[in-house]
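All remarks here apply to the structure that follows.
Read-outs throughout are calculated quantities, based only on the coordinates presented, and are distinct from any laboratory measurement. Owing to the predicted nature of the structure, the values given are computational and were not obtained by experimental measurement. As a convention, Cβ positions derive from the backbone with ideal geometry for all residues, glycine included, and neighbour counts pool all protein chains shown.
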Amino acid sequence: MKNRKCRKQTRKYLTRSERETFLLAKKLAEDFKGNEVVLLEGELGAGKTIFAKGIASGLGLKDVHQVCSPSYTIVNIYYAKYPIFHIDLYRLGKSSEIEDLGWEDFLGQGVIIVEWAEKLKFDSDAIHVTFHLERKEQRKIEIC
């Protein structure tokens, strides 16, 4: 995983269930202004999509069950208090594929959530969330 330098304080959390991970993200998103970029990094099954659902809930999305990993569609758009652009880079391998995606076009138009953000080759002004699987349902989550 790419080691990004945090310009602000890193907060560390330990969640013991999907529900706790969801609620952490929901609480984080309740203060969003509508132009945030959230970069999610972590291994497969670490909780990135659950976290994305929590963000959507915090932004007032009525049916968070529609939030799913856009691994095959690459980008899903949900409409809540602000538009939510949910991007998944899992299937993209080359930098050129990621650059051609043009996700930067969404900047300033809503909240952008990027799963597998470690594939981005540049650092951006964003909320960086890193997931570490601990034992069983536990996840160590670092938010910068």
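See the values below:
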item	result
Relative exposure of HIS65, HIS132, HIS86, judged by other C-beta atoms within 10 Å (fewest first)	HIS65, HIS132, HIS86
27 Å Cα-Cα threshold exceeded, pairs from LYS62/LYS119; LYS48/LYS81; LYS26/LYS136; LYS53/LYS140; LYS62/LYS136; LYS12/LYS119	LYS62/LYS119; LYS62/LYS136
Order of CYS68, CYS144 under a 10 Å beta carbon neighbour criterion, fewest first	CYS68, CYS144
